[in-house]
There are 2 protein chains.
Amino acid sequence: MPESSDHIAATFAPHDHQECARRALDEAAARLAEQGARLTPVRRRTLEILLESHRALGAYEVLDRLAAEGFGRQPPVAYRALEFLVGHGLVHRLQRLNAFTACLHPGDDHHPAFLICRSCDKVAEAAGVPIRDALSEIAGKGGFRVERATIEAVGLCATCAAGGPA
Amino acid sequence: MPESSDHIAATFAPHDHQECARRALDEAAARLAEQGARLTPVRRRTLEILLESHRALGAYEVLDRLAAEGFGRQPPVAYRALEFLVGHGLVHRLQRLNAFTACLHPGDDHHPAFLICRSCDKVAEAAGVPIRDALSEIAGKGGFRVERATIEAVGLCATCAAGGPA
DNA sequence: CATGAAGCGTTATCTTATTACATCCGGGTT
DNA sequence: AACCCGGATGTAATAAGATAACGCTTCATG
Ligand SMILES: [Zn+2]
Ligand SMILES: [Zn+2]
Ligand SMILES: [Zn+2]
Ligand SMILES: [Zn+2]
């Protein structure tokens with residue numbers, strides 16, 4: 001597994017995103033097959049929509065695109081597909097944005113910290129373990145046992161800091 | 001300043017909460033006076049409502065109580081008061097819960113991590129600095145500069161782990 | 001007291017999310 | 001083939017969270 005900092009840099013830097021998305025989709029299909037879960041058309045298309053950028057999309061943004069392509073146009077259509085994908089670790093939900101983003105390396109550390117660039121809106125996943133350890137230690141001293149944690153940062157990515165994304 | 005772990009333990013343990021809330025309110029009033037900001041009746045009552053427990057309340061929960069006490073019954077009434085209090089560091093917003101909680105030690109570390117007990121629903125503030133440092137370091141390696149971070153953990157507090165809150 | 005900014009209240013609207021229920025489809029059973 | 005079942009999909013209706021726009025009141029200040 002590559003360094004987490006590489007993932008971060010790679011997400012924000014210009015790159016062959018087609019390739020990036022294709023790999024993630026193949027990986028997702030393989031993982032679902034293993035688990036005996038069905039990657040139906042709506043689910044597949046939902047994942048593709050999220051993979052088309054490194055941004056996070058709101059459920060209604062996803063829904064609009066699905067509807068435009070002939071799928072149902074009621075909220076549960078999008079929410080169900082997203083819920084399924086989140087449940088299988090292929091998509092993450094960002095609390096700060098009320099939005100969803102595709103996971104680019106499912107399976108590694110399924111509880112990453114998220115880095116959200118306020119300029120280009122891209123979202124990167126950072127290794128969550130060390131942060132979670134720090135959190136658990138502090139909480140543990142006060143007798144609190146952490147079960148799940150949400151760690152989301154807003155800031156500026158290297159590309160934007162260097163003069164804007166485009 | 002006491003250890004962060006003391007704050008955590010104190011929040012979840014049974015204690016004289018009247019006293020706890022009174023201190024926070026006095027502290028808040030003093031800070032606002034210093035800043036020349038006005039603690040109007042709605043704002044004061046909103047803070048009191050949040051201080052009445054260590055829980056986080058939704059904006060509409062707050063609104064219901066305000067309305068019942070003769071204040072306005074439209075959403076902006078609650079949202080405005082909450083926004084003011086958040087802006088002055090007297091109340092925190094919890095993304096995970098779409099809710100607000102009173103700050104019990106304003107001024108210390110105004111960017112704490114939150115510990116939310118899933119059993120008793122109380123919310124404690126933990127020292128955020130070490131966690132933020134860990135996050136900044138990891139992000140920095142990938143060229144990302146963190147500006148603000150949301151750190152919220154769900155788990156079980158010592159009191160509940162020992163056999164329930166009541 | 002005049003004046004302007006801040007505060008409070010209302011209506012209306014928007015965004016996000018869930019509940020409830022009907023229908024469809026694929027696979028296994030009789 | 002006819003039957004049954006569970007999962008997936010679709011719809012309508014509604015709940016929950018948040019903001020925009022506007023007018024009246026309050027209050028510090030000169
Ligand atoms: Zn991921
Ligand atoms: Zn950027
Ligand atoms: Zn605080
Ligand atoms: Zn508890």
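Values quoted throughout were computed directly from the atomic coordinates according to the rules given, and no laboratory measurement underlies them. This one's a predicted model, so the numbers in the text were calculated from it and none came from an experiment. Don't worry about glycine lacking a Cβ; one is built from the backbone with ideal geometry, like all the others, and counts go over all protein chains shown.
The table below gives the values:
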{"quantity": "Positive minus negative residues near residue B:85 (Lys, Arg vs Asp, Glu; Cβ under 14 Å)", "calculated": "+4"}
{"quantity": "Relative compactness, the protein assembly as shown, computed as alpha-carbon Rg over 2.2 N^0.38 Å", "calculated": "1.09"}
{"quantity": "Degrees separating the helix A:59-68 axis from the principal Cα axis of chain A, which is the longest one", "calculated": "20"}
{"quantity": "Positive minus negative residues near residue A:11 (Lys, Arg vs Asp, Glu; Cβ under 9 Å)", "calculated": "0"}
{"quantity": "Mean residue ellipticity (222 nm) of chain A, computed from DSSP H runs ≥ 4 via -39,500 (n - 2.57), nearest 500", "calculated": "-14500 deg cm²/dmol"}
{"quantity": "Largest-first principal axis extents of the Cα set of the range B:4-157 (Å)", "calculated": "53, 34, 29"}
{"quantity": "Within 10 Å of each Cβ in A:128-138, the average number of Cβ atoms from other chains", "calculated": "6"}
{"quantity": "Per-residue HN-Hα couplings for the range A:145-152 [Karplus 6.51, -1.76, 1.60; θ = phi - 60°; Hz; x = Gly/Pro]", "calculated": "9, 6, 10, 9, 9, 9, 10, 9"}
{"quantity": "Förster radius 35 Å - calculated FRET efficiency between residue A:38 and residue B:98 (Cβ-Cβ, nearest 0.05)", "calculated": "0.65"}
{"quantity": "Shielding by partners - mean other protein chain Cβ count within 10 Å, residues of A:151-161", "calculated": "6"}
{"quantity": "For the range A:101-154, fraction of C-alpha pairs farther apart than 16 Å, in %", "calculated": "48"}
{"quantity": "Residue-span extension gain [residue A:6 to residue A:48] - 0.36 nm each, minus C-alpha spacing", "calculated": "12.8 nm"}
{"quantity": "Separation in nanometres of the label points that stand 7 Å from Cα toward Cβ, at residue B:27 and residue B:86", "calculated": "2.1"}
{"quantity": "The range A:108-166-the range A:1-44 distance, computed between alpha-carbon centres (Å)", "calculated": "19"}
{"quantity": "Neighbourhood net charge (12 Å Cβ-Cβ; Lys/Arg +1, Asp/Glu -1) for residue B:134", "calculated": "-1"}
